[in-house]
1. Residues 27, 33, 17, 12: which one is at pLDDT 95 or above and closer than 23 Å to residue 72 by Cβ?
2. Mind checking which residues of segment 61-84 are under 20 Å from residue 127 (Cβ atoms) and charged (D, E, K, R)?
3. How about segment 1-105: which helices (runs of 4 or more DSSP H) wholly inside it have at least 3 residues that are crowded, with 21+ Cβ neighbours inside 10 Å and out of contact with any Leu (no Cβ under 6 Å at 6 or more places or on another chain)?
4. Here is a list: 17, 47, 33. Which entry is under 13 Å from the mean Cα position of the chain (by Cα), in contact (Cβ under 8 Å) with a residue 12 or more places away in the chain and over 18 Å from residue 68 (Cβ atoms)?
5. For segment 84-114, give me each residue that is among the aliphatic types (A, V, I, L, M), touching a helix residue (DSSP H, G or I) at 6+ places or on another chain (Cβ under 9 Å) and farther than 23 Å from residue 65 by Cβ.
Amino acid sequence: MTRRRSPKTYIAKAERALSTARLNLKAKDPDGACDRAYYAMFNAAHAALFALGAEGVTRPIKTHSGLEAKFGQEVIVAGHLPAEHGRNLSKVQKYREVADYSAEPVEVTDAAWSIEQAAAFVDAVKTKFGL
């Protein structure tokens, strides 16, 4: 790994994941779309935490639940972004778990909703933290 972790590297990953989510949905792959929509939000959440100094290279958050909790505490509860973004992160995470670990496919409407929420989440992080 040659590049350092930073808000900008995480937001670039978020944008790539969001783009792939849209392609997956267009290709009629709602499971892949949900997975990538979640990872767009996951990486944008890392970007927000790095921007706030709540996460760093020497102390990265390593679990999904840890990231969700830290994001809720440092970004949502602290008032940097509306609570709906925290709720939507949790809901899209649940769709991703269905997509990745269940034999049942995610509904196309749920995948489309997940992409919409991911796009709003990434945009909110970019706007709030100047990314």
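1. 17
2. So in segment 61-84, the residues under 20 Å from residue 127 (Cβ atoms) come out as 71-72, 74-84.
Correct list: 74, 84.
3. Those helices (runs of 4 or more DSSP H) span 7-26, 30-52, 83-101.
4. Answer to the selection: 33.
5. To start, the set of residues in segment 84-114 that are among the aliphatic types (A, V, I, L, M) comprises 89, 92, 98-99, 103, 106, 108, 111-112.
Of the ones still in play, those that are also touching a helix residue (DSSP H, G or I) at 6+ places or on another chain (Cβ under 9 Å) are 89, 92, 98-99, 106, 108, 111-112.
Scanning segment 84-114 gives 108, 112.
The values are calculated or read from the model by the stated rules, or taken from the named source; none is laboratory data. Computed from a predicted structure; not experimentally measured. Every residue, glycine among them, receives a Cβ derived from its backbone with ideal geometry; neighbour counts consider all protein chains shown.
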